[in-house]
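Input: a single structure, listed below in structure tokens.
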Amino acid sequence: MKFDSIKHFFYICVLTPNLMTGKIARLALLFLLISVCSCKVNNRKQAELLFPVIDSATIAESEKLSKEAIADIVQNVASPVEIAAMLQSLSVPFSADYLGSTKGVEQLSTNFQKATMLGIYGADLGYLNIYEKTGNSIEVVSSIKQLADGLRVGQFFDYETIKRLSLNKTDIDSLLYLSVSSYNKIDEYLRTNDRGSLSALMISGVWLEGQYIATQVVTSFPEKKLKDRIGEQKIILNDLLMLLRPYKGTSPEYSNLYALMEQMSNLYRDVKVTYRIAEPQTLEKDDRLVLIQKEESVVEMSDDELRKIVGLTMEIRNKLISGE
Amino acid sequence: MKCRILILVLALVALPLTSKGQAATDELVSKCALTAGDNTAYLKDFRVQLPKATADAAAPVYKANMYLMKNMKYRFSLCNSAEFKGELIVTIYDADKELISSFNKSTGKQYSSIDFFCNKTGLYTLWFAFSNGEQGSGVSVVSMIK
């Protein structure tokens, strides 16, 4: 509450100096002083404010989704590293053909384009790093830096270190850590600074590119595990739509993307995800606790449904890349 | 003008405090990611700070949600700041069903890491708390076991 007040005051003072006249200025200053003084008077209270809100509610209660809760849920939706690792475990060879072109990045003019492409390149970087094709990733890394700077979040992308690690090819684990954590930080910064619409676009970009790579691979490598992974996206897609929904009216670009994602959701309507209940197994190994889940999610998706999903994924992704 | 100077002074006072806290947590996250082991890839971290439990209230809990995917193996590594007594505990829930906790209530043993072999894609809820309701500061790094 206090932080919001100070932030509001900052907007009044710095961003709208012409309004800082007479009563408004005095009231705002008084409000700030009360906030600052109340901090000094009650140090214990101030200490408590540093911590996250204590939540002792039941899970059911916590699932009443606020905008923030949706964002919190969806922030973990898209992990290109996991998709890439799955492809690698299925012995699918690397292909640069799946990657988005980095040509023309400097010509992207709108924040919509920059944020979606930031997501797309993030997924590509995850794919390159898991396959240890780090030499090929320099152009992607440079494009990411350019886009992040364009969105004023370049400070969270450690370009020099990531570039050095990519060129050295010696420390893939550190490279993966830095790349993924940079994206997590960018996402968190955007969400906590009232730029949730850009975070939603970046997350959608990451998800779409991961989905694109998976759907391209499945046409040549029709592995059941991969088909199931594509089918399971039904669960995640609903949350993605919830994340995009508040912004769908903000621009024609946003509106188009939302309509296409709704089309995707409609294609998933007949895909069935059911569960086989079973008790998990717990054991201790090397002083670690291990949980082997026996309950299973099962996907039922026809070849025709898959074919349509592959087609629409390609259409949306290519539209985003071409800036249509 | 005076107003801008006041804001600038406030920002200059507050900024070093914020960055110091952030740097310390970043360092703890990096260290924690290293403890996950060689065959892992970092996915996500959760930074948790909670106050000491009060006498007649439930111990503070921080909740977060995360999608976990079928056929993936995840490692949840837990690391604590030396500044506080509390040791971080994670409990994983699937909807309202507790799957596993890093604290074994029957033996009293606390684990610094959980491996979760996921067989069901879905949204899981992670509950973070500190041992004995103590004040604590810690991080949980979620990695994928390759």
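Things to note:
- Sorted by Cβ neighbour density within 10 Å, fewest at the top, the residues A:Phe94, B:Phe46, B:Phe130: A:Phe94, B:Phe46, B:Phe130
- Treating r as the C-beta distance of B:Lys105 and A:Lys272 and R0 as 51 Å, the FRET efficiency rounds to 0.85.
- Theoretical FRET efficiency, 1/(1+(r/R0)^6), r = Cβ-Cβ of A:Asn238 and A:Gln107, R0 45 Å, to 0.05: 0.85
- Packing-based exposure ordering (other Cβ within 10 Å, fewest first) of A:Trp207, B:Trp127: B:Trp127, A:Trp207
- Sorting B:85-94, A:191-200 by their mean Cβ neighbour count within 10 Å, with the most densely packed peptide first, gives B:85-94, A:191-200.
- Distant-in-sequence amide H partners of B:Tyr124 (H built 1.01 Å from N, under 5 Å): B:Met66, B:Tyr67, B:Leu68
- In a DSSP loop and with at most 15 other Cβ atoms within 10 Å, the trypsin sites (Lys or Arg not before Pro) in region A:216-324 are A:Arg269, A:Lys294.
- Förster radius 41 Å - calculated FRET efficiency between A:Ser251 and A:Lys133, Cβ distance, rounded to 0.05: 0.70
- Distance cut-off 25 Å, percentage of C-alpha pairs in region A:131-288 lying past it: 49
Laboratory data are not the source of any read-out in this text; all were calculated from the coordinates shown. Model, not experiment: these values are computed from the prediction. Backbone-built Cβ (ideal geometry, glycine too); neighbour counts: all protein chains shown.
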